[in-house]
Amino acid sequence: MDTRELKPTNCHFCGYLCAFTATVEDGRVIDLEPDTSRYPYDEKIVRGCRRWRMNLDVLDDPNRINWPLRRKGERGSNEWERVSWDEALDDIAARLSALAEEHGPATLASAIGGPHASFWPLHRFMSLFGSPNNMGIGQICWNPRIWMDALTFGWTVEADIDPNVTEAVFIWGTNPAQSDNSAFWRSLIGISKSEVPLVVVDPRRTQVAARADLWLAVKPGTDCTLALGLAHVIIAEDLVDHGFVERWCHGFDELVEHVKPYTPEAVAQVCGLDPDDIVRAARIFGKARASVLVSGRGVDQVGPDVAPTHRAICCLRAITGNVDKPGACVLAEMSDFTPEVDLEMSASMTDEQKAACLNTPYTPLQCYEGYERARALTERLGRRLPVRYLTSAHPDLVLKAMLEGDPYPVRALIVEATNPLVTYADTHRVFAALSSLDLLVVIEYYMTPTASLADYVLPAAGAVERPTFQAHGGVANIAYGGPAAVEPYYERKTDYDVFRELGLRLGQADCWPDETLQGAYARTLADAGVTWEQYCATGLYWRPPAFAKHELLGEDGKPAGFATTTGKIELACEILGELGGDRLPTPSPRAAIPPLRGTADGDDGTESVLAAADDAGAAEADGADAAEGLILITGARKQPYNASMFLSNPDFRAGYPDPLVEVSPRTATRLGLAEGDRVVLANEKGEASFILKTAPMRDDVVSADYGWWFPEREPGAPGFGGIWESNINTLTDCSVAGGEAMIGTWSYNAIHCTIRKDEGSTA
Ligand SMILES: Nc1nc2c(c(=O)[nH]1)N[C@H]1C(S)=C(S)[C@@H](COP(=O)(O)OP(=O)(O)OC[C@H]3O[C@@H](n4cnc5c(=O)[nH]c(N)nc54)[C@H](O)[C@@H]3O)O[C@H]1N2
Ligand SMILES: Nc1nc2c(c(=O)[nH]1)N[C@H]1C(S)=C(S)[C@@H](COP(=O)(O)OP(=O)(O)OC[C@H]3O[C@@H](n4cnc5c(=O)[nH]c(N)nc54)[C@H](O)[C@@H]3O)O[C@H]1N2
Ligand code: SF4
Ligand SMILES: [Mo]
């Protein structure tokens, strides 16, 4: 008798969660095939992805962690004993209680990474435990856009690329060919073949740049200046949508004054571009009846310029009327299913617990007070952002509390689905801080460098072994995923089960009514009137957002407007002003253009612009890069890897064996370096070794891979899987003082560095 069954399930090696049909025999998956009857429906997406076939290998990889492990030897010695789940969880719960008793609940911190799992169970656990200290990558990955969209438009916006309506597409600091090798990239290929102009802003000639009608190879970290330059031209050439601006925008006259000095010539000098190209780009954006602009890490990870750049981009959309309009950008809808903000149960935190948030004195937006201001506005139109992501604790402050006990000791850390020794900024400091803890718990698939430092390593169930529900923090009305095909292998547990079982041991029983993750998702969907079975049948819950929601009349007969202080789109942002920030998007000094000195005497400001450019040059020359004037960008996404994952896959590794650093051919020649040289990148934080490759990109920019460790080496001391060799985060810094003032974003791009040939190496 054939005991094989076909079961629907999903991949979770990236945020797409492609649908599979699994062939299951005796509780084991023996085959996987793309399932086009469920989301994302397009077989080419899965088959065009190099990762999907890995699911079977990862499911039963001999290197997977399959049982709870407790540290036996010294911290980091990589000596473990297998323990039962009860032993592990009883001990962890007891130690957390004792630490909370001694130092208060904020002594527990957590760390998360990219969207590998649902993080609300961890956040619910933290809320109920009473700690505000969830650390994450939000400040450099998601928050800047969400915050600035919310403050400008009253809610988050999404791109609505519609080839029949969209008349211009701008791709700004994102390379979907590598980072999102799926539906979005496929739609861009279509755009590049059509009449619709495609403009790309990126210092590297990426695949999307190579397909563009216009490539602006901007100097890293000067994007805000460029966006203000585009606004200058759009205003000067009267490409403004005056009807929309008069009716729906606040602060237009101020913006007009603000962008006056940002002439194409002045901007070209700061951004290292041709003024004609700036004018051309502005005309493309301004003349199109519907323009789309999509941004990514190039804009998200440039420290002090992050918030102003997003704000300037919001202003570009607004003054051209490209808001909540088909083929342009559309305001998302709040989810019908239970939103993240309710799942995470942050409302159960007391005021005293919230007041322990380390960010409050430092980043006035990214903290509970900042969240409260935004909530008061967005709630007018029934929308609420997730609390935990948008208040997440700044790593600089958490590391300080670990190392110095200031302002109070953080003594315990739970790490879920992240590898901070490789992916967080400032590896030396992260290492010192994690090594100093009383309790470090890591929930993982593999013995990563971070896991090898832990007291407990707990085995996580992954894709195919668990149900999935990707919901974008509940800020849009879409969720996708599906059921598990099998029970978790060995003694692995879903992240949900781990936090629920810990929670039950710590008096949280009332708040974990669902015994399983599937039950919790079913409850979530019930709010939208959908059953778990209905969701699994298509793998998708989606309600398209309506356009022009600001014009809908309320019960009072007045249009809804935007959920901001003024009810309009805030070109001049009142909340940012109240919090001590800039009401208008203003670049940091390195990329700023000084105000015009008045036009009465015919002074057009050119002189002061030149002086500013000289100052910027002088400031750079003060840095360690004086000799070479190089600008480091890091982590450009590359298939098939994902951050620090999949380096152990033999096929992947055969095709891409070494950490690479890329420069333009001209820069290589200038530096006396050749393709294939082993080189060392260094700055005052540290150094790391890479193989040099030349690639088409802006001169004097150095683009280094991120995420590198060597799973083939021994985990634990002394080498920790090679984290001190080619790990670019030994050169990065997360100091809150050097970051963006409102959110605290630090820099993974636009950093200074030196480069030298590694003479000691034979490579
Ligand atoms: N220099 C530099 N640093 C960066 C960036 C950069 O561009 N440059 N990018 C930043 C960005 S945007 C991000 S999002 C972060 C990403 O940083 P991370 O998320 O830390 O990166 P990953 O290497 O993907 O780590 C994921 C880890 O989680 C484990 N894992 C995967 N799925 C699960 C699961 O379901 N449960 C559990 N418990 N574990 C799981 C994996 O085995 C892996 O070890 O890095 C940031 N750091
Ligand atoms: N293969 C793969 N895919 C991934 C990931 C992965 O690790 N591997 N990680 C996932 C995660 S966590 C994230 S956040 C997304 C990120 O997705 P994306 O934002 O698309 O990331 P990248 O593909 O690195 O594109 C960022 C681009 O910004 C450019 N850039 C750098 N500095 C600047 C600057 O100052 N200005 C401008 N204009 N551009 C600049 C870089 O050259 C690069 O081409 O990718 C996701 N997808
Ligand atoms: S890695 Fe992403 S795109 Fe590839 S199959 Fe999995 S979910 Fe789909
Ligand atoms: Mo990310």
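Each reported figure results from applying straightforward, stated rules to the coordinates on display, with no laboratory input. Just so it is clear, the structure is predicted and the values come from calculations on it, not from any experiment. We place every Cβ from the backbone using ideal geometry, glycine too, and count neighbours over all the protein chains shown.
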Exercise. So what's the projected area for region 473-585, the Cα convex hull averaged over all directions, in nm²?
Worked result: 12.7
Problem set entry | Prolate/oblate/rounded label for region 1-105 (Cα gyration tensor, a/c 1.5) | prolate
Exercise. Can you list the GluC sites (Glu not before Pro) in region 131-221 that are in a DSSP coil and have 12 or fewer other beta carbons within 10 angstrom?
Worked result: 195
Problem set entry | Shape category assigned to region 244-321 from the gyration tensor of Cα positions, a/c cut at 1.5 | rounded
For this session: Among 302, 284, 269, flag the residue with its Cα farthest along the positive direction of the charge dipole of region 263-342, charges on Cβ as +1 for Lys/Arg and -1 for Asp/Glu.
Result: 284
Problem set entry | Distance between modelled label sites at residue 538 and residue 654, nm, 7 Å Cα→Cβ extension | 4.2
Problem set entry | Over region 676-763: Kirkwood hydrodynamic radius from C-alpha pairwise inverse distances, Å | 14.6
Seminar exercise, completed: If every Lys and Arg gets +1 and every Asp and Glu gets -1 at its Cβ, then about the Cα centre region 239-347 yields a dipole, in debye to the nearest 20, of 500
For this session: List the lysines whose Cα lies under 27 Å from the Cα of residue 354, skipping any in the same chain that are fewer than 8 positions away.
Result: 400
For this session: Take the Cα atoms of region 305-369, find their three principal axes, and give me the spread along each one in whole Å, biggest first.
Result: 45, 34, 13
For this session: At 27 Å minimum axial length over the Cα atoms and a Kyte-Doolittle cut of 0.5, report the qualifying DSSP H helices in the chain, or say none.
Result: none
Seminar exercise, completed: Ranking 720, 546, 589 by how far each Cα lies towards the positive end of the charge dipole of the chain (+1 on Lys and Arg Cβ, -1 on Asp and Glu Cβ), the top one is 546
Problem set entry | the chain: relative contact order as a whole-number percent, Cα under 8 Å and 6+ apart | 19
Exercise. Using +1 on the beta carbon of Lys and Arg, -1 on that of Asp and Glu, and nothing else charged, what's the dipole of the chain about the Cα centre, debye to 20?
Worked result: 1040
Exercise. Which order, highest average first, do 380-387, 552-559, 577-584 follow once you tally other Cβ atoms within 10 Å for each residue and take the mean per peptide?
Worked result: 380-387, 577-584, 552-559
For this session: Pop a pseudo-label 7 angstrom from the Cα along the beta-carbon direction at both residue 84 and residue 33 and give the gap in nm to one decimal.
Result: 4.3
Exercise. Given a cut-off of 13 Å, what percent of all Cα-Cα pairs of region 126-185 lie beyond it?
Worked result: 77
Exercise. Which is farthest toward the positive dipole end of the chain among 750, 350, 190, measuring Cα position about the Cα centre, with Cβ charges +1 (Lys, Arg) and -1 (Asp, Glu)?
Worked result: 190
For this session: Output the peptides 9-21, 232-244, 640-652 sorted from most to least packed, where packing is the average of other Cβ atoms within 10 Å over each peptide's residues.
Result: 9-21, 640-652, 232-244
Exercise. For region 355-442, what log10 I(q)/I(0) values come out of the Debye formula at q = 0.14 1/Å, with one point per alpha carbon and no solvent?
Worked result: -0.58
For this session: Could you work out, for region 278-334, what percent of all Cα-Cα pairs fall into each 10 Å distance bin, beginning at 0 Å and stopping at the bin that holds the largest distance?
Result: 22, 47, 29, 2
Seminar exercise, completed: Here the percent of antiparallel bridges among DSSP beta bridges lying wholly in region 1-139, to the nearest 5, is 90
For this session: Write down the percent of antiparallel bridges among all DSSP beta bridges whose residues are both part of the chain, to the nearest 5.
Result: 50
For this session: Quick one: grab the alpha carbon gyration tensor of region 532-592, order the square roots of its eigenvalues as a ≥ b ≥ c, and give me rounded if a/c is under 1.5, else prolate or oblate depending on whether a/b is larger than b/c.
Result: oblate
Seminar exercise, completed: Over all Cα pairs of region 27-169, the Kirkwood radius sets Rh, and Rg/Rh then becomes 1.07
Exercise. Using θ = phi - 60° and the Karplus curve 6.51 cos²θ - 1.76 cosθ + 1.60, what whole-Hz ³J(HN,Hα) does each residue of region 346-360 get, with Gly and Pro shown as x?
Worked result: 5, 4, 7, 6, 7, 4, 5, 5, 5, 5, 6, 4, 5, 6, 2
Exercise. Which value in Å is the Kirkwood Rh of the chain over different Cα pairs?
Worked result: 26.8
Seminar exercise, completed: Under the 7 Å Cα-to-Cβ spin-label approximation, residue 514 and residue 246 lie apart by a distance in nanometres of 5.1
Exercise. Just for the Cα atoms in region 643-696, what are the lengths along the principal axes, largest first, rounded to whole Å?
Worked result: 36, 27, 17
Exercise. Straight-line reach from residue 693: which aspartates and glutamates have a Cα under 12 Å away, not including same-chain ones fewer than 8 places off?
Worked result: 658, 662, 675, 677, 705
